[in-house]
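J.: Supplied in structure tokens, the structure appears directly below.
The values are calculated or read from the model by the stated rules, or taken from the named source; none is laboratory data. Computed from a prediction, not measured in an experiment: that's the story for all the values here. FYI the Cβ positions are ideal-geometry reconstructions off the backbone, even for glycines, and counts take in every protein chain you see. Note: accessible area is taken over every heavy atom of the protein model, side chains too, but ligands, DNA and RNA are not part of it. Shrake-Rupley method; radii C 1.70, N 1.55, O 1.52, S 1.80 Å.
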Amino acid sequence: MKISDITPDEYAPYQELYIKLVNDEYNLFEELEISVHNLVHFVREIPMDKYDYRYAEGKWTIKDILQHLIDTERIFAYRALRFARADETELPGFDETSYGNAAHGSERSINELLTEMSALRHANIMMFKSFSSEDLQRKGTASGYRVSVRAFGFLLIGHQNHHIKIFKERYL
């Protein structure tokens, strides 16, 4: 299953931004693996003095954004698990700004953040691989929109790619 298999009725309209940032060359499981390795390699190449840089007052640091990626990965994976298990409970949204303000990402080391991100992603790869084809196509409601399990897998990748793009445009 590749990103080209996903249809617009499997994700929220605002998530199309992330979906469009996923490479169609690889399947979901390959891209989940490749993308986390790309993130770790990319971040390790950033000069150390940039990790705590804010491009404007009130904006997150690179470390804050890595914490945001970790938090969002957990939330999206949790939603995918609930929907894969045929849980029809409507799941609420989350306020990324509130999470970011409470997360203390900028107080953590880059090594801690990258190790956690990598461990989390590898656990999520195993979770997504455990889902049947039917599980991956199940949908549920999150943040007021119908989203498929497999779309959440691709959203993990696209969301990460979105922030790498922001790093390049605003931080480096």
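J.: Here are some residues: Glu73, Glu116. Which one is outside any loop (DSSP other than H, G, I, E, B), of a type in the set (Asp, Glu), under 19 Å from Asn23 (Cβ atoms) and under 18 Å from the mean Cα position of the chain (by Cα)? Spell out the reasoning first.
T.: Values: Glu116 fails: under 19 Å from Asn23 (Cβ atoms).
Testing whether each residue is outside any loop (DSSP other than H, G, I, E, B), of a type in the set (Asp, Glu), under 19 Å from Asn23 (Cβ atoms) and under 18 Å from the mean Cα position of the chain (by Cα) leaves just Glu73.
J.: For Phe128, all conditions in the list (1) within 25 Å of Asn27 (Cβ to Cβ); (2) outside any helix (DSSP H, G or I) hold save one; what is the number of the exception?
T.: So the condition that Phe128 fails would be (2).
J.: Out of Ser109, Ser133, I need the residue that is closer than 24 Å to Asn38 by Cβ and modelled with pLDDT of 95 or more. Which one?
T.: Working: Ser133 fails: closer than 24 Å to Asn38 by Cβ.
None of the other options fit; the residue is Ser109.
J.: Within the range 55-77, take every residue that is charged (D, E, K, R) and more than 12 Å from Gly105 (Cβ to Cβ) and give me the one that is surrounded by the most Cβ atoms within 10 Å (Cβ to Cβ). Talk me through it step by step, then tell me what you get.
T.: Of the range 55-77, the ones charged (D, E, K, R) are 57, 59, 63-64, 71, 73-74.
Filter once more, so that each one left must be more than 12 Å from Gly105 (Cβ to Cβ): 57, 59, 73-74.
Working: Glu57: 5, Lys59: 13, Glu73: 22, Arg74: 13.
Among them, the one singled out is Glu73.
J.: Please name all residue pairs, on different chains or six or more residues apart, with Cβ atoms under 9 Å, provided the first residue is in the range 43-65 and is touching a residue at least 40 places away in the same chain (Cβ under 8 Å) and of a type in the set (S, T, N, Q) and the second residue is in a loop (DSSP other than H, G, I, E, B) and open to solvent by less than 70 Å² (accessible area, probe 1.4 Å).
T.: Hits for this filter: Thr61/Tyr51.
J.: Restricting attention to the range 1-28, report how many residues are open to solvent by 60 Å² or more (accessible area, probe 1.4 Å), assigned to a helix (DSSP H, G or I) and not charged (D, E, K, R).
T.: Adding up the residues that qualify gives 5.
J.: Given the criteria modelled with pLDDT of 95 or more and at positive phi, does Ser143 qualify? Spell out the reasoning first.
T.: Details: modelled with pLDDT of 95 or more: yes; at positive phi: yes.
Considered against the rule, which asks whether it is modelled with pLDDT of 95 or more and at positive phi, Ser143 comes out as yes.
J.: Restricting to the range 43-54, give me the number of residues that are touching a helix residue (DSSP H, G or I) at 6+ places or on another chain (Cβ under 9 Å) and either surrounded by fewer than 13 Cβ atoms within 10 Å (Cβ to Cβ) or outside any helix (DSSP H, G or I) (or both). Show your work before the answer.
T.: Going through the range 43-54, the residues touching a helix residue (DSSP H, G or I) at 6+ places or on another chain (Cβ under 9 Å) turn out to be 43-44, 46, 48, 50-54.
Next cut, either surrounded by fewer than 13 Cβ atoms within 10 Å (Cβ to Cβ) or outside any helix (DSSP H, G or I) (or both) only: 44, 46, 48, 51-54.
Number satisfying all stated conditions: 7.
J.: Go through (1) under 17 Å from Asn161 (Cβ atoms); (2) open to solvent by less than 40 Å² (accessible area, probe 1.4 Å); (3) free of Cβ contacts under 8 Å to residues at least 40 places away in the same chain and name the single condition Glu31 misses.
T.: (3)
J.: Right, here's the next one. Suppose we filter Ser148, Ser130 for residues that are polar (S, T, N, Q), more than 23 Å from Trp60 (Cβ to Cβ) and open to solvent by 60 Å² or more (accessible area, probe 1.4 Å); which single one remains?
T.: Values: Ser148 fails: open to solvent by 60 Å² or more (accessible area, probe 1.4 Å).
Answer to the selection: Ser130.
Okay, residues lined up against (1) free of Cβ contacts under 8 Å to residues at least 24 places away in the same chain; (2) outside any loop (DSSP other than H, G, I, E, B); (3) under 20 Å from Lys20 (Cβ atoms):
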{"residue": "Glu112", "(1), (2), (3)": "yes, yes, no"}
{"residue": "Arg121", "(1), (2), (3)": "no, yes, no"}
{"residue": "Gly158", "(1), (2), (3)": "no, yes, yes"}
{"residue": "Asn161", "(1), (2), (3)": "no, yes, yes"}
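J.: Next question, about the same structure. Quick one: which of Gly93, Gly100, Gly140 is outside any helix (DSSP H, G or I), open to solvent by 10 Å² or more (accessible area, probe 1.4 Å), more than 19 Å from Phe29 (Cα to Cα) and small (Gly, Ala, Ser)? Give the steps one after another, and end with the answer.
T.: On the way: Gly100 fails: outside any helix (DSSP H, G or I); Gly140 fails: open to solvent by 10 Å² or more (accessible area, probe 1.4 Å).
Going through Gly93, Gly100, Gly140 in turn, the sole match is Gly93.
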